[in-house]
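Note sheet for the following structure.
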Amino acid sequence: MPDAFTVLWTQPTCRALRKAGHVGARPPVAFSGVHTSLPAWSGARAGDEVYALHVNRCEVFVVSRMRVVDRERGDCCGAAAASWDDPAFPGHEAWSMLGAGGCGASAVHVDATPVRFDRPVPGELLERLTWRNRRNRTRNLKHVVDGRLERAVGLQGFYRLAPESADELAGLVGS
């Protein structure tokens, strides 16, 4: 059974998506990294789903649901950089704001829903979202007050959702 994860897209990332005119477009790629500057998609395999979340004024939004296709550098990625100042993934230059220039970035090809910023996670769902680690220990999101997220630190990173929470987010995106 495929797993589901969340990843936080920051204000600068979302601002760059808007500026590039990507609202309504489907990202073909996201980027994973070995450094804390990028989330490490190390647990994701082909078929897994990743929910890109964004926090704006204490409200959490689902920006896109991405299904992992593969994690290999394909022909679509372009030639590997020959020097430090060459673009790392020239074939995906239009989506570089998703982390192409990050330290140790690697491409994760995805089949995604269109990027949008108008799908808020309802407060009651936010309060019961649950993530689980590899040892099956679960955690809820801290800093949720009256259905609003006071601090986004609990979303920063790449985290595996509990199956029930994944189903609820899938229902939100599907509606």
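May I ask you to verify whether Val144 is at pLDDT 95 or above and either surrounded by 15 or more Cβ atoms within 10 Å (Cβ to Cβ) or acidic (Asp, Glu) (or both)? Criteria not met by Val144. Note on region 152-175: residues that are of a type outside the set (Phe, Trp, Tyr), at pLDDT 90 or above and under 12 Å from the mean Cα position of the chain (by Cα) total 3.
Listed here are the strands (runs of 3 or more DSSP E) enclosed by region 26-73 that have at least 1 residues being surrounded by 19 or more Cβ atoms within 10 Å (Cβ to Cβ), in contact with a Ser or Thr (Cβ under 9 Å, 6 or more places away or on another chain) and aromatic (Phe, Trp, Tyr): 29-32, 49-56. Please identify the pairs in which a residue from region 1-26 that is under 16 Å from Leu38 (Cα atoms) has its Cβ atom under 8 Å from the Cβ atom of a residue that is part of a loop (DSSP other than H, G, I, E, B) and charged (D, E, K, R), counting only partners at least 6 apart or on another chain. Between residues of region 1-26 that are under 16 Å from Leu38 (Cα atoms) and residues that are part of a loop (DSSP other than H, G, I, E, B) and charged (D, E, K, R), the close pairs are Phe5/Asp48. All of (1) more than 14 Å from the chain's Cα centre (by Cα); (2) of a type in the set (A, V, I, L, M, F, W, C); (3) in a loop (DSSP other than H, G, I, E, B) hold for Leu126 with one exception: (3).
Looking only at region 95-119, residues that are at pLDDT 95 or above, out of contact with any helix residue (DSSP H, G or I) (no Cβ under 8 Å at 6 or more places or on another chain) and either over 14 Å from Cys76 (Cβ atoms) or surrounded by fewer than 16 Cβ atoms within 10 Å (Cβ to Cβ) (or both) come to 5 in all. Within region 13-43, the residues that satisfy the criterion of being over 24 Å from Ala166 (Cα atoms) and either under 14 Å from the mean Cα position of the chain (by Cα) or among the aliphatic types (A, V, I, L, M) (or both) are Ala16, Leu17, Ala20, Val34, Ser37.
Regarding Val29, is this residue out of contact with any helix residue (DSSP H, G or I) (no Cβ under 6 Å at 6 or more places or on another chain) and β-branched (Val, Ile, Thr)? Taking the combined requirement at face value, the residue does not satisfy it. Could you list all residues from region 147-171 that are surrounded by 14 or more Cβ atoms within 10 Å (Cβ to Cβ) and more than 15 Å from His54 (Cα to Cα)? Listed by number, the residues that qualify are Gly147, Arg160, Leu161, Ala162, Ser165, Ala166, Glu168, Ala170. Each residue in region 24-40 was checked for being touching a Pro at 6+ places or on another chain (Cβ under 8 Å) and at pLDDT 95 or above, and 3 pass.
The values are calculated or read from the model by the stated rules, or taken from the named source; none is laboratory data. Quick caveat, the model's predicted, so the values are computed rather than measured. Quick reminder, even Gly has a Cβ in these numbers, built from the backbone with ideal geometry, and neighbours come from all protein chains shown.
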